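*Asks:* What follows is a single structure, and I will ask about it in a moment.
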Amino acid sequence: MKVEEEEGMGHKTRKDVIHTFQVNFFSMGLLNAFPWDFLDKELTTSETSDIIIDILQKTCLHPICLKNPPSLKYRRRFLRELIKRHETIAAEPLDVLYEALGELMFAQEEDLCYKTYLLPTGDAVSLAENVALISQGTTGLVTWEAALYLAEWALENTHIFKSKTVLELGSGIGLTGIVVCRSSSPTKYIFSDCHQTVLQRLKDNITNCLTNSDSNSASVSVEELDWQNVSDEQLQRIQANTIIAADVVYDPDVIACLVKLLSRLLNDKVQENHPDVYIASAVRNPQTYDCFKKELERAGLRHVILKDSVTQVFPYNRSSTIEMTKIYV
């Protein structure tokens, strides 16, 4: 599904503001990040509440929300905030607001919700995610910041993926790979993870976002890839030109396995050329990240931090350090 394309994420015009509401709402962005001040100003200076109707049409009443809704709790909080802003400034109540909230009041929250990320082309990528950050013993059922950053980086570096066989390590629920497949025309894309529940959710999201998509021409597969126990036969079958990963450097206990796997992939004698390896990492714990770099050195692998700025496409907190690393022999 596509939404009408808008330019940028700024708040310069009424149209921009409504688009920002839509982008933030569908990705379940923090409510305090919405441009409420502009809405208050618009309601104060306008004689009508048309902007509220427009925001509703682009969020809670939009076809995307009807098919792939954000969490019930989130939609309730959003509508209550919209009602509060309207009641504070506008004289006349707006029935459509109360009707929208009323429909949600007796509904039951589910473990599953959808976050929809809007691409610059207007394409919408809707992913089924768990409401809880940690569920069924894994953090892989939600999208993390580094995956969003890697997807944004991929949008600006489509040449790295075009006509290539791409392997993604730790795909999680699939955002980065789905964005690459829909924007960069790889020949083949291999998603991979090791947790059974994550793999099933990944397959569901791929079916929803890629199987029936006109913007995907890649051959897509999903591999169960246990970094510690992956066989030479499995790696030789994959034969990737480009390898990517996001948010895989978070646990000191898995760093050695990850680096050993990267070393095997980069030193594969069967391939004529070494693959390109790119890893996006949110540096939450500097000690853990330093451990990763030292492990790379011990394995004889070199790395360089890519310093080029990346345009922000998706609404998320970029205050934490996110580094793009290229690894090579």
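*Asks:* Can residue 272 be described as out of contact with any Asp or Glu (no Cβ under 6 Å at 6 or more places or on another chain), surrounded by fewer than 18 Cβ atoms within 10 Å (Cβ to Cβ) and part of a loop (DSSP other than H, G, I, E, B)?
*Replies:* yes
*Asks:* Okay, next question. Say we look at the range 275-284 and pick out the residues that are part of a strand (DSSP E or B) and among the β-branched types (Val, Ile, Thr); which of these is nearest to residue 321 (Cα to Cα)?
*Replies:* The extreme case among them is 279.
*Asks:* Now, a different point. Considering only residues of the range 275-308 that are of a type in the set (Val, Ile, Thr) and touching a helix residue (DSSP H, G or I) at 6+ places or on another chain (Cβ under 8 Å), which is surrounded by the most Cβ atoms within 10 Å (Cβ to Cβ)? Spell out how you get there, then give the answer.
*Replies:* The first filter runs over the range 275-308 and keeps only residues of a type in the set (Val, Ile, Thr), leaving 277, 279, 283, 288, 304-305.
So of that shortlist, the ones also touching a helix residue (DSSP H, G or I) at 6+ places or on another chain (Cβ under 8 Å) come out as 277, 283, 288.
Numbers: 277: 22, 283: 16, 288: 15.
Across the range 275-308, the extreme among qualifying residues is 277.
*Asks:* Identify the single condition in (1) touching a Gly at 6+ places or on another chain (Cβ under 9 Å); (2) modelled with pLDDT under 95; (3) part of a helix (DSSP H, G or I) that residue 4 does not satisfy, given that it satisfies every other one.
*Replies:* (3)
*Asks:* For the range 309-325, which positions are open to solvent by 60 Å² or more (accessible area, probe 1.4 Å) and under 13 Å from residue 280 (Cβ atoms)?
*Replies:* Those that are open to solvent by 60 Å² or more (accessible area, probe 1.4 Å) and under 13 Å from residue 280 (Cβ atoms): 318, 321.
*Asks:* Moving to a separate point now. Looking only at the range 24-56, count how many residues are of a type outside the set (Gly, Ala, Ser) and surrounded by 14 or more Cβ atoms within 10 Å (Cβ to Cβ).
*Replies:* Looking only at that region, the number is 19.
*Asks:* Could you tell me how many of the residues in the range 291-320 are modelled with pLDDT under 95 and of a type in the set (D, E, K, R)?
*Replies:* 3
*Asks:* In contact with a Ser or Thr (Cβ under 8 Å, 6 or more places away or on another chain), at pLDDT 95 or above and surrounded by 15 or more Cβ atoms within 10 Å (Cβ to Cβ): does that describe residue 119? Lay out the reasoning, then the answer.
*Replies:* On the way: in contact with a Ser or Thr (Cβ under 8 Å, 6 or more places away or on another chain): yes; at pLDDT 95 or above: no; surrounded by 15 or more Cβ atoms within 10 Å (Cβ to Cβ): yes.
Here the answer is no, as residue 119 does not meet what is asked.
*Asks:* Let me ask you something else. Could you tell me whether residue 73 is in contact with an Asp or Glu (Cβ under 9 Å, 6 or more places away or on another chain) and surrounded by fewer than 19 Cβ atoms within 10 Å (Cβ to Cβ)?
*Replies:* yes
*Asks:* Follow-up question, since we're still on this one. Quickly run through the range 98-109 and pick out the residues that are closer than 13 Å to residue 70 by Cα and either at pLDDT below 85 or hydroxyl-bearing (Ser, Thr, Tyr) (or both).
*Replies:* 109
*Asks:* From 129, 109, which residue is exposed (fewer than 14 other Cβ atoms within 10 Å of the Cβ) and not aromatic (Phe, Trp, Tyr)?
*Replies:* Testing whether each residue is exposed (fewer than 14 other Cβ atoms within 10 Å of the Cβ) and not aromatic (Phe, Trp, Tyr) leaves just 109.
*Asks:* Every residue in the range 285-326 that is assigned to a loop (DSSP other than H, G, I, E, B) and among the hydroxyl-bearing types (Ser, Thr, Tyr), please.
*Replies:* Once the filter is applied, which keeps residues that are assigned to a loop (DSSP other than H, G, I, E, B) and among the hydroxyl-bearing types (Ser, Thr, Tyr), the range 285-326 yields 309, 311, 316, 319, 320, 321.
The values are calculated or read from the model by the stated rules, or taken from the named source; none is laboratory data. For clarity, every value in this text was computed on a predicted model and none was experimentally measured. Backbone-built Cβ (ideal geometry, glycine too); neighbour counts: all protein chains shown. What goes into the accessible areas is simple: the full protein's heavy atoms, side chains included, and nothing from ligands, DNA or RNA. Shrake-Rupley method; radii C 1.70, N 1.55, O 1.52, S 1.80 Å.
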